[in-house]
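Please read the structure below before turning to the comments.
Bear in mind these aren't lab numbers, they're just calculated from the coordinates by the rules spelled out. Source: prediction; values computed, not measured. Please note: Cβ atoms are built from the backbone with ideal geometry, for glycine as well, and neighbour counts cover all protein chains shown.
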Amino acid sequence: MKQKNILLGHGSGGHLTHDLIESVFLKHFSNPTLNLLSDAALIDTEKGKIAYTTDSFVVDPLFFPGGDIGKLAIAGTVNDLAVQGASPAYLSAGFILEEGLSVETLEKVVQSMAEEAVNAGIQIVTGDTKVVERGKCDKIFINTSGIGFFDVNFSALGIEHIKVGDKILINGSIGDHGMAVMSARNQLNISSKIASDCACLNGLIDSLNEFKSQIRFMRDATRGGLATVSAELCKHQDFGIKLFEEKIPVDKGVRGICELLGFDPLYVANEGKVVMVVSNEISEQILDKMKKHTLGKSAAIIGEVTLANAGKCYLETQIGGNRIVDMLAGEQLPRIC
């Protein structure tokens, strides 16, 4: 690592995060399952394949338009399993609580988790609680782990299945979560109603089961946003990615606050958006099906896999130019999850 100390940017999901993972964690933890660096590990057991994931949540503030740290903890973990093609089933929940936290606040968070778990059709089956001295954490930190199962006809998703000509879909507008958290954190007096897109995506993904053999790859665009997912997707590959700026849905309120504060919506976090690479032949059918789901009403085909510019992602701008889209280079919006 170039840096000698941990920076906020090491948790951004961009270049610094990749540097930390490769230089420290993979250096000591390396094994074939971990080295895939997927949203969830795919593990073979005597009774079949399972997906296993873990995540931690330290968002500030705890409550924001469209969600809270509890809903976020459930949705984030469920989505990491769902984008691997698994059916989420069981979650754990570990709490680190700051001395002095009100029981009322904790119960609101726990109730929100319980409601989202019911909505997602999963169970929280085990957990742990620790309390630290005042000032040693910021109110509540939550860690969750999740297990999901695959049906017998499971067809593994992966970058290796992507083909030139495949289309890239997203199920709705980008940047909603990051801007909702930013607005709540800084108490911005904005007339536009910006709300987080925080949601469990397993229902939406399940609705596309008839097309699963033609879905090549899925990932939820959280830290680092759509730009980082797209750049990661083609890094070191023999294909490139082209995104079309005019096709990417962005809420007017989100676009406005991004322009006001100097953010690029492509890099702003989402918590209810899945990026899919699908076969060109059935991309319109998948789009039509996705739009029929509550979480896919604003879905769009936003790009394609190209033979040109292998290993790079380009954005075709609204004025007809092209610019390189790279992974997030630093810390743009801290503590959005």
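Sum up the lysine pairs in the range 38-149 that clear both bars: alpha-carbon distance under 25 Å and a spacing of 8 or more or different chains.
Values: K71/K108; K71/K130; K71/K136; K71/K139; K108/K130; K108/K136; K108/K139; K130/K139.
The number of close lysine pairs in the range 38-149 is 8.
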**OP:** Apply the Karplus parameterisation 6.51 cos²θ - 1.76 cosθ + 1.60, with θ equal to phi minus 60°, to every residue of the range 169-184 and state each ³J(HN,Hα) to the nearest whole Hz, in sequence, with x for glycine and proline.
**Re:** 10, 9, 8, x, 5, 9, x, 4, 5, x, 6, 5, 5, 4, 4, 5
Subject >> Antiparallel DSSP beta bridges within the range 231-337, percent to nearest 5 >> reply: 65
Original post:
So which lysines can K4 reach, going by Cα to Cα under 18 Å and dropping same-chain residues fewer than 8 places off?
Top reply: K27
**OP:** Please turn the phi angles of the range 134-142 into ³J(HN,Hα) values with the Karplus equation 6.51 cos²θ - 1.76 cosθ + 1.60 (θ = phi - 60°), one per residue in order, whole Hz, x for glycine and proline.
**Re:** 3, x, 8, 8, 9, 6, 9, 10, 10
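If we count other beta carbons within 10 Å of each Cβ, what is the order of K235, K167, K47, fewest first?
Numbers: K235 15, K167 21, K47 7.
Fewest to most other Cβ atoms nearby, the residues stand as K47, K235, K167.
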**OP:** Enumerate the calculated ³J(HN,Hα) couplings along the range 110-121 in order (Karplus 6.51 cos²θ - 1.76 cosθ + 1.60, θ = phi - 60°), each rounded to whole Hz, writing x wherever the residue is Gly or Pro.
**Re:** 5, 4, 4, 4, 4, 5, 5, 4, 4, 4, 8, x
**OP:** May I ask which residue of V78, I142, C337 lies farthest towards the positive end of the charge dipole of the chain, with charges of +1 (Lys, Arg) and -1 (Asp, Glu) on Cβ and the Cα centre as origin?
**Re:** C337
